[in-house]
Each structure stands twice: as structure tokens, then as C-alpha cells.
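Report on the structure given below.
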């Protein structure tokens with residue numbers, strides 16, 4: 001547990017020293033989401049209908065932006081080798097890295113989403129559901145993304161491959177995440193979608209660090 | 001005691017070495033020599049358990065290192081070509097964080113003392129990217145002094161070091177050997193250390 005916290009602290013410290021990377025993803029999210037109301041025009045009913053989908057697609061793409069840099073710097077300077085050779089199990093260290101990735105990219109999106117949702121005329125309750133859905137969904141994006149980042153580590157042109165690999169896997173998160181808000185707006189209740197999202201997250205928390213670790217070991221051999 | 005029997009390494013289509021035997025006991029060190037591209041680094045990566053050998057087995061105190069896993073890694077320290085030193089962090093932070101990741105947190109005064117010993121006094125709070133190549137290596141070598149490992153596997157530890165730092169590192173290795181430690185290293189320089197064995201690839 002101490003090792004996980006140590007990795008999270010280290011990665012947050014590094015993110016503080018490299019603020020531009022974190023801010024780029026955040027500004028990307030804000031700008032993409034804000035472009036839609038400007039482009040489509042002030043039709044409240046239409047905006048309300050497309051809001052969940054747009055917010056979620058923008059969140060997916062914003063998460064993708066920083067994904068290639070999840071392991072690449074540590075790979076380049078030999079830190080990853082030291083992590084593999086550390087007496088601490090690699091799985092724990094990787095779990096810490098994924099958690100730090102979520103704190104720097106996922107959590108800011110969750111906090112910003114309700115502010116951006118106002119542009120789409122979402123009411124307070126729908127905004128609440130959006131935040132809960134993103135809170136369950138963004139860690140899922142980091143966990144699945146980590147597997148892709150580990151598999152494409154050290155591959156030339158890995159960035160494109162990474163998107164091809166990871167975006168299809170993001171589809172369930174997108175469907176249930178955006179679906180939760182849509183279901184609420186149409187009066188069906190978001191419970192079912194949120195439960196499925198939570199189930200996916202539980203599965204990924206258990207499975208993704210293990211798969212990521214295995215992929216990293218192969219990349220380093 | 002580290003022993004290896006019948007090690008071979010294949011890189012792509014090429015067989016770099018085969019049938020390699022070696023043994024290093026307490027207080028001994030092994031100097032791995034060979035031309036550029038002979039497979040020195042590959043051998044060290046195999047011995048450190050980063051990569052599996054194509055053939056052969058490695059034993060640490062009589063047990064295969066594949067089975068020992070974490071127990072072997074706790075007693076072994078590998079320093080490769082890359083620094084594993086974060087450019088954005090200061091030498092002080094680098095040393096503390098590396099120790100925490102290894103699950104053996106380091107005392108702050110000990111960290112500062114070690115950095116001073118390696119001639120980095122006054123540089124503790126400067127990001128590593130502002131340091132020279134030699135100073136970066138010194139940050140890395142400071143890890144040798146603080147991490148309690150029995151077996152050191154060092155890939156070209158003398159690269160980019162000035163005369164004073166070379167003496168300092170030699171003294172550090174000698175101290176380590178005198179305390180019953182073991183070392184395996186590659187270097188193109190000859191080294192005046194006692195109990196040395198030479199392995200030519």
C-alpha cells in the first residue's frame with residue numbers, strides 16, 4: 001500500500017513540474033465541448049439531447065491525448081526497468097501509476113463537466129448523474145488505456161496504434177456513461193446504466209493492472 | 001553466491017554467446033569484457049532477471065532466480081545505461097522516491113549526507129536537468145550507497161565520470177566487497193580492485 005502511495009506521490013509531483021501536459025488535455029476537453037453549442041446554435045431541446053454523448057466523446061478523446069505518455073517517459077529513462085527489478089511487486093507500482101493518471105486527467109474532467117453541461121441546458125439532477133457517471137467511467141478509461149499504452153510501448157508509430165487498440169474498448173463505457181444521462185432525461189432512471197458502469201469498473205480494477213503488468217514485462221524483455 | 005551455467009543469448013538471428021559459465025562469491029567481483037556489441041549488456045540484463053536466457057540457468061544461493069523472484073530482487077541492484085533519474089526532480093527527491101518505490105524509505109539526513117559525499121552539496125534542490133552528465137551519473141551512484149543490496153550489477157558505471165568520481169566509485173565498490181558484497185560490472189577501463197575475475201565474451 002505504501003508503494004502505491006509512493007508512486008502516486010511521485011507521479012503527481014512530476015505532473016506538477018510538467019503542468020503543460022495536464023493542462024493540454026483539460027483545455028482540449030473544454031474547447032471541444034464548447035464548440036458544439038456554438039456550431040449547432042441555441043436550440044435548447046436538441047442541445048439537451050446530444051449533451052451526454054458529446055461530453056463523453058470529448059472525455060474519451062481527452063483521456064487518449066495523454067495516454068501515450070503514461071509509460072513512455074519512464075521507459076526512456078530506465079525507471080521502468082528499475083520498477084520491474086524493484087522488490088515491490090510490479091503490479092502494485094503499476095496500480096499506483098494508473099491511479100495517478102486518473103487523478104491528473106480523469107478527475108479534472110469530472111469536476112469540469114457540470115460547468116460545461118450548463119451550456120447544454122442540463123438541469124441540476126442531470127448534471128449530478130453526469131458527474132456520477134464520469135466518476136465511475138473515467139477510472140475505467142485510465143485502466144483500459146493503460147493496457148493499450150503498455151502494449152504499444154516502444155512501438156514506432158505507437159500513438160495511432162494505441163487509438164485503434166483502445167477506442168473500441170472504450171465503447172461500453174461510452175454507451176453506459178452517456179446512456180445514464182440520456183435515460184434520466186427521458187425519465188427512465190439512470191440506475192441500471194450506472195450499475196453496469198460500476199460493474200465494468202470493478203472488473204477492470206481487478207483485471208487491468210494485471211494485464212498491464214504482463215504487457216510491460218514483454219515490452220522490456 | 002551467484003552461479004550461472006550454460007548461459008546463451010540470442011538476439012534476432014544472431015547468437016551472441018553460448019555455454020557461458022560464471023560464479024561470483026562473497027567479496028568477489030567479476031569484470032565482464034568484450035567488444036562493442038559482444039553482448040555484455042545482454043548478459044547483465046539476463047543476470048539481473050530482466051530478460052530470460054535462451055538457454056542455461058542462474059542460481060542465487062543455490063536456488064534458481066526465476067523462482068526466487070522478489071527475494072532475489074531485494075538483494076540485487078542493477079544500474080543500466082539509462083539513469084533512471086527523473087530530469088524534473090531534484091537529486092534529493094530522486095533518491096528519496098527511488099527508495100520509497102523499493103519499499104525501503106530513506107531517512108532525509110542520510111539522503112543529504114550521501115549526496116554531499118558524492119559532491120552534490122548545494123545541488124540538492126536543483127532539478128536534475130540543470131546538472132551535467134557526470135553529475136547525473138553521481139546522482140545515480142548515490143543510490144548504490146543507500147540501497148542495501150548484496151549483489152551489484154553495473155553496466156559501464158565509469159561512463160562520464162571525472163577522475164575524482166572514478167576514485168570515489170572504486171572506493172565504494174571496494175568497501176562493498178570488503179563487507180562481503182559481490183559485484184558484476186562491465187567497463188573498458190582496467191580496475192585496480194582486489195579479488196577480481198575476468199570474463200571475456
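For chain B, the Kirkwood hydrodynamic radius comes to 17.6 Å, computed from all pairs of different C-alpha atoms.
Shielding of peptide B:81-88 by partners, expressed as the average count of other chain Cβ atoms within 10 Å per residue Cβ, is 6. At the listed q of 0.11, 0.12, 0.14, 0.16 Å⁻¹, the Debye profile of chain A, built from one uniform point per Cα, gives log10 I(q)/I(0) equal to -0.54, -0.64, -0.84, -1.05.
Working from Cα pairs under 8 Å separated by at least six residues, relative contact order for region A:2-220 is 27 percent.
Based on the alpha-carbon gyration tensor of region B:68-113 and its eigenvalue square roots a ≥ b ≥ c, which shape applies: rounded if a/c is under 1.5, prolate if not and a/b is larger than b/c, or oblate? Provide the component values of the computation, followed by the final result.
Values: a/c = 2.47, a/b = 1.38, b/c = 1.79.
Oblate, because a/c is 1.5 or more while a/b does not exceed b/c.
The mean number of Cβ atoms from other chains found within 10 Å of a Cβ in peptide A:73-80 is 4, as a whole number. Each peptide in A:44-56, A:158-170, B:135-147 receives the mean, over its residues, of other Cβ atoms within 10 Å, and ordering these scores from highest gives B:135-147, A:44-56, A:158-170. In region B:24-46, which residues have a backbone nitrogen under 19 Å from the label point lying 7 Å from residue B:200's Cα in the Cα-to-Cβ direction? Answer for this model: B:30-41, B:43. For the protein assembly as shown, the Cα gyration tensor yields ellipsoid semi-axes of 49, 23, 17 Å (square root of five times each eigenvalue, largest first, whole Å). Distance between the modelled labels on residue A:2 and residue A:27, one decimal in nanometres: 4.1 nm (7 Å Cα→Cβ projection). Highest mean packing first, where packing is the average number of other Cβ atoms within 10 Å per residue, the peptides A:86-94, A:33-41 line up as A:86-94, A:33-41. A Gaussian network model of chain A, with springs between Cα atoms under 10 Å, assigns the largest mean-square fluctuation among A:206, A:176, A:120 to A:206. Using Cα atoms only, what is the angle between the long axis of helix B:91-101 and the major principal axis of chain B, expressed in degrees (0 to 90) to the nearest 10? Tilt relative to chain B: about 50 degrees.
Suppose a student asked you for the relative contact order of region A:46-143, using Cα pairs under 8 Å spaced at least 6 residues apart; what percent would you report? All intermediate terms of the calculation are to be shown ahead of the outcome.
On the way: 53 pairs, mean separation 39.9, N = 98.
Relative CO of region A:46-143 lands at 41 percent.
Nearest-5 percent of antiparallel DSSP beta bridges in the protein assembly as shown? Don't jump to the answer; show the numbers that get you there.
Working: 14 of 32 bridges.
Counting DSSP beta bridges with both partners in the protein assembly as shown, the antiparallel share is about 45 percent.
Express the relative contact order of chain B as a whole percentage, based on alpha carbon pairs under 8 Å and six or more residues apart in sequence. Could the numbers behind the result be given before it?
On the way: 325 pairs, mean separation 62.4, N = 201.
Contact order relative to length: 31 percent.
A simple spin-label model places pseudo-atoms 7 Å from Cα toward Cβ; at residue A:35 and residue A:175 they are separated by 2.7 nm. Averaged over residues, the count of other Cβ atoms within 10 Å places the peptides B:19-27, A:104-112, B:168-176 in the sequence A:104-112, B:168-176, B:19-27, highest first. Relative to the longest principal axis of the Cα atoms of chain A, helix A:90-101 runs at roughly 40 degrees.
Could you work out the mean count of beta carbons from other protein chains within 10 Å of each residue's beta carbon in B:48-54?
Per residue, the number of nearby Cβ atoms from other chains is 2 on average.
Since every read-out is calculated from the coordinates, none of them should be taken as a lab result. The shown structure was predicted, so the numbers you read here are calculated from the model rather than taken from an experiment. Please note: Cβ atoms are built from the backbone with ideal geometry, for glycine as well, and neighbour counts cover all protein chains shown.
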